[in-house]
Amino acid sequence: MTFGLFLLIFGLVFCFITQTMARLYALLLTLLTAPAFAQAPTQNPPISATTSPRLTVELIMQDPKMWVGTSPSGAFWAEDGKTLYFNWNPEKAKGDSLYKVMLAGDRKPQKVSPTERRSLPDDPGIYNRDRSLKIYDKNGDLFLVDCRTFLTRQLTNTVDREANPAFSGDEKAVVFQRGGNLFSMGLVNGDLTQYTNFDAGSKRPETKPNAQETSLKKEQLGLFDVLRDRKAKRDEAARVTKADQPKRAKLFYTEGRTLMNPQLSPDGKFVTFALMKAATGAKTTLVPSFVTESGFTEDLPARTKVGAPLASFELFVYDITRDTIQTVSLRNVPGIMDKINLTGAASASAGPTAKPDTSRRAAQRVVYVSSVVWSPEATNHYAVIVLRAQDNKDRWIMQLDPATRTLKLIDRQHDDAWIGGPNIGFANNPGTLGFLGDSQTIYFQSEADGYSHLYTINLATGERRQLTSGKFEVQQVTLSKSRQHFFLITNELHPGEQHLYRMAVTGGRNDGPPRERLTTMTGANDVTLSPDESTMLIRHSYSNKPWELYLSVSSQQLTATSKKQKAVSSPIAEPIRLTESQTTDFEAYPWREAQIVTIPARDGQTIYARLYKPEGAVNATGKANPGRAVVFVHGAGYLQNAHKWWSQYFREYMFHNLLVDKGYTVLDIDYRASAGYGRDWRTGIYRHMGGKDLTDHVDAAEWLVKNQGVDAKRIGIYGGSYGGYITLMAMFTTPGFAAGAALRPVTDWAADNHGYTASILNEPQTDSLAYHRSSPIYFADGLKGHLLICHGMVDVNVHYQDAVRLAQRLIELKKENWELASYPMEDHGFVEPSSWMDEYKRILKLFDERL
């Protein structure tokens, strides 16, 4: 080969290599600048760079007050009804400030001065029967408002803290607590009376002389006249001194037990109270905090675990006239001795005779004791109390006779699963309970017919009436100042809407229509009535519009009491918007209105859901749908999110809009045990979390495939807390999800808190099957898709230990398709924007890479 031929061949080879490398470089550049993964073309909503921001994780997860704005909250009225107050932060300050709107002016919000703010009450206060006076406490002192002149008088100014004021039965004095004891103060002369004398210690045992000492003393007194005379004089002096002493409250030693709810009867003859004895042997958990100001690891005190020993409660009556303090026996409460079936089918019953199978007897069941509700009139002297079993299967409403310390059953609600629902109460909270204007009829809520509805029972006649009925829930109850009407918030128009209604206390049978709807705006309407109940201050939101304040004035009082006037004769004015809270940048984006859809579950039930679809997506018969989908699982279990108002998951809502911009379909369902749908839906997970609540998500994913053109192999799932738990169960036990992000998830229910978990799964030592089949840690070997776990390390609710234990389990199972992200500064609900950003960048990366 000549040297020229060699140069020719070398040149041709070099040109070939150069052109090949250029092509490879161009190809590589194309791959690097193209989307990370091939996907079908998407038709996203048109977003103008000059009018609408492009959503990014950094944008939507920044400090909400800087990006979204701060909605008004904590609204209340001035006593004269001319000014309304609320917390707000339009200035994007570090914290909210108090603002006001004056109805007589231009109705523009004004910031309240510190001097005016300090003069306002901290709570709604307590009115007397004709609402001419109001009493409230603030900063440990008592204040009295004359509702006719609107003048306020400070009653106390002491170092000791006065709290929980109420009017005496004759309304001539105010009764309050100071130092754990009950006092009253005359409103005219200021006379101060102490009714109780509680001592947190124990009574010292009396030292009694032994037989030798008794015998010697007797001998001495028998021998010496002087000793006998002196003893007689001492005894007489002591008798006179005792007789001259004014009557004082009886000393009572609580012996280390916690005093609860001391109350004076309207006639001033009795004091009722409860004592709580703390459990012994209940081991509490510790949560270590690693990033601290001290530089040392510090332990945060946390809770006990489910199944730990619980506190016990006793109810007492202090008979002031007889000067006796005695317990109220619960032994004759119907069902208190029942042996509860923990493993049978869940059913419910209610009424004065409702009870489970009593063929087996047990020890007396431990109950929570509520405060006593007294009839307003001192002469009738009705007292009502709520008992709730610690095993969560029964709630009793009982009438108390304080003179005999006996209880009479008014209503019993039993549930083989657990007692719950709106305003049914929990632990020592009695829920909705009060007296009507006749002072002998009580009103309360019960799930007797499967939904939380309003009932009345006349204690004198025993007449029981159901005032509301239907497949909806009564979610708030307020008795009007005339005691002739109820104001109710219900979801009867639609499970995903909340409206205010007015209804006669008779249920409307003889006074016009049963209920008149007073709010008109679609979504949620949280209403605060003016003191004269003529004007509504409405805190309203819609699915894509955060909370704002509106004013709605009727042409006459909402609770006109004329017998000739029908309930429908008070037209409501169009609501006037008072606040503009959102930032300009936030409003520039076209936030999607989620479509509320219904999905059939495999057992024939109907699942409500929010559906977010990319523009251009079609059903299974079309071709434009991009095919990727994400299912979001809301937390808490008993919570509603497929509704028409602004979600508390607003960050997730914005993230879902970001996902849809990228071509994803997003589905957010109210699975089994969600709030808003009645008792059977609420208890659908009894003894098996990860049962119907999980299959509801599987059915929803299949619905996406069949009806929304989604690719069955490109569906992800994510959620926090209970949502993180369902995500784990989905990734471990079902084949329908390619990727999942479990945020602060429960991994073993035996490590969770008692109040929530024992209601649904009983206790681990008595129902181990329920805990085993409900806990993800036992199914970790089933992981097939790609899993992300995120958890705050100072989480005092669902402990970081849950994530660590699961991580160790996955390591031992040699699983490789998972990762754990830990957040050293975060509790159960994240606070820092940097943590939110990091977490959701990881979630987005997971879905972009795996779907």
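The values are calculated or read from the model by the stated rules, or taken from the named source; none is laboratory data. Predicted model, so just to flag it, every value in this text is computed and none were measured. For neighbour counting, all protein chains shown are included, and Cβ atoms are generated from backbone atoms with ideal geometry for every residue, glycine included. For the accessible areas, the whole protein counts, side chains as well, though only heavy atoms, and no ligand, DNA or RNA atoms are used. Shrake-Rupley method; radii C 1.70, N 1.55, O 1.52, S 1.80 Å.
Scan the range 582-597 for residues that are open to solvent by 70 Å² or more (accessible area, probe 1.4 Å) and hydroxyl-bearing (S, T, Y) and jot them down.
T584
Listed here are the residues, each with its yes/no results for (1) open to solvent by less than 30 Å² (accessible area, probe 1.4 Å); (2) without any contact (Cβ under 8 Å) to a residue 40 or more places away in the chain; (3) out of contact with any strand residue (DSSP E or B) (no Cβ under 9 Å at 6 or more places or on another chain).
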| residue | (1), (2), (3) |
| --- | --- |
| Y99 | yes, yes, no |
| L103 | no, no, no |
| D106 | no, yes, yes |
| E116 | no, yes, no |
| Y127 | no, no, no |
| D130 | no, yes, yes |
| C147 | yes, no, no |
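For the condition closer than 18 Å to L810 by Cβ and surrounded by fewer than 21 Cβ atoms within 10 Å (Cβ to Cβ), what is the one hit in T727, T734?
Being closer than 18 Å to L810 by Cβ and surrounded by fewer than 21 Cβ atoms within 10 Å (Cβ to Cβ) holds for just one of T727, T734, which is T734.
Would you mention how many residues in the range 786-798 are open to solvent by 10 Å² or more (accessible area, probe 1.4 Å) and in contact with a helix residue (DSSP H, G or I) (Cβ under 8 Å, 6 or more places away or on another chain)?
Number satisfying all stated conditions: 3.
Would you confirm whether any residue within the range 262-282 is over 30 Å from V384 (Cβ atoms) and either of a type outside the set (S, T, Y) or in contact with a helix residue (DSSP H, G or I) (Cβ under 7 Å, 6 or more places away or on another chain) (or both)?
Yes: one or more hits.
Determine whether the range 764-774 contains at least one residue that is outside any helix (DSSP H, G or I), out of contact with any helix residue (DSSP H, G or I) (no Cβ under 6 Å at 6 or more places or on another chain) and open to solvent by 10 Å² or more (accessible area, probe 1.4 Å).
Yes, there is a match, as at least one residue in the range 764-774 is outside any helix (DSSP H, G or I), out of contact with any helix residue (DSSP H, G or I) (no Cβ under 6 Å at 6 or more places or on another chain) and open to solvent by 10 Å² or more (accessible area, probe 1.4 Å).
When you look at D160, is it under 30 Å from E255 (Cβ atoms) and loosely packed, with under 14 Cβ neighbours inside 10 Å, yes or no?
Judged against the criteria, D160 is a match.
Yes or no, residue by residue, for (1) modelled with pLDDT of 75 or more; (2) in a strand (DSSP E or B); (3) open to solvent by less than 20 Å² (accessible area, probe 1.4 Å):
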| residue | (1), (2), (3) |
| --- | --- |
| L558 | no, no, yes |
| S562 | no, no, no |
| V568 | no, no, no |
| E580 | yes, no, no |
| G604 | yes, no, no |
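Name every residue in the range 837-851 that is under 14 Å from H791 (Cβ atoms) and open to solvent by less than 60 Å² (accessible area, probe 1.4 Å), in order of residue number.
D838, E839, I843
When the range 508-534 is examined, which residues are found to be open to solvent by less than 10 Å² (accessible area, probe 1.4 Å) and at pLDDT below 95?
Residue satisfying the conditions is G508 alone.
Would you list the helices (runs of 4 or more DSSP H) that sit entirely within the range 48-154 and hold 2 or more residues that are closer than 30 Å to Q177 by Cα?
Output list reads 114-119.
Would it be correct to say that L330 is of a type in the set (A, V, I, L, M, F, W, C), open to solvent by 30 Å² or more (accessible area, probe 1.4 Å) and under 30 Å from N762 (Cα atoms)?
no
Going by the conditions given, is E473 within 21 Å of D526 (Cα to Cα), at pLDDT 95 or above and within 21 Å of the chain's Cα centre (by Cα)?
Spelling it out, E473 is indeed within 21 Å of D526 (Cα to Cα), at pLDDT 95 or above and within 21 Å of the chain's Cα centre (by Cα).
Could you please find all residues in the range 792-833 being in a helix (DSSP H, G or I) and within 23 Å of L300 (Cβ to Cβ)?
Scanning the range 792-833 gives Y800, Q801, D802, A803, V804, R805, L806, A807, Q808, P833.
For the range 816-836, give me each residue that is of a type outside the set (A, V, I, L, M, F, W, C) and either open to solvent by 50 Å² or more (accessible area, probe 1.4 Å) or in contact (Cβ under 8 Å) with a residue 60 or more places away in the chain (or both).
Passing the criteria: E816, E819, P824, D827, H828, E832, P833, S834.
Of everything in the range 57-97 that's over 30 Å from L844 (Cα atoms), within 27 Å of the chain's Cα centre (by Cα) and among the aliphatic types (A, V, I, L, M), which residue is least open to solvent (accessible area, probe 1.4 Å)?
Filtering the range 57-97 for residues that are over 30 Å from L844 (Cα atoms), within 27 Å of the chain's Cα centre (by Cα) and among the aliphatic types (A, V, I, L, M), the one least open to solvent (accessible area, probe 1.4 Å) comes out as L84.
Considering only residues of the range 459-507 that are within 20 Å of L436 (Cα to Cα) and among the charged types (D, E, K, R), which is least open to solvent (accessible area, probe 1.4 Å)?
Checked the range 459-507; the qualifying residue least open to solvent (accessible area, probe 1.4 Å) is R502.
Is one or more of the residues making up the range 241-252 aromatic (F, W, Y), closer than 25 Å to R322 by Cβ and under 35 Å from the mean Cα position of the chain (by Cα)?
no
Taking A308 as the residue in question, decide whether it is assigned to a loop (DSSP other than H, G, I, E, B) and out of contact with any Asp or Glu (no Cβ under 8 Å at 6 or more places or on another chain).
yes
Which number in (1) over 31 Å from the mean Cα position of the chain (by Cα); (2) over 27 Å from D532 (Cα atoms); (3) free of Cβ contacts under 8 Å to residues at least 60 places away in the same chain marks the one condition that Y195 misses?
(3)
Which pairs turn up if I take residues in the range 324-349 that are modelled with pLDDT under 70 and look for partners that are in a strand (DSSP E or B) with beta carbon separation below 7 Å, at least 6 apart in sequence or on another chain?
A348/H414; A348/D415; S349/H414
A274 fails exactly one of the following numbered conditions: (1) small (G, A, S); (2) modelled with pLDDT under 95; (3) surrounded by 10 or more Cβ atoms within 10 Å (Cβ to Cβ). What is the number of that condition?
(2)
Could you grab me the full set of residues in the range 606-634 that are at pLDDT 90 or above, assigned to a loop (DSSP other than H, G, I, E, B) and of a type in the set (K, R)?
K613, R628
Part of a loop (DSSP other than H, G, I, E, B) and touching a residue at least 12 places away in the same chain (Cβ under 8 Å): does that describe Y451?
yes
Does I325 satisfy the criteria of being open to solvent by less than 50 Å² (accessible area, probe 1.4 Å), outside any strand (DSSP E or B) and out of contact with any Ser or Thr (no Cβ under 6 Å at 6 or more places or on another chain)?
When the stated conditions are applied, I325 does not pass them.
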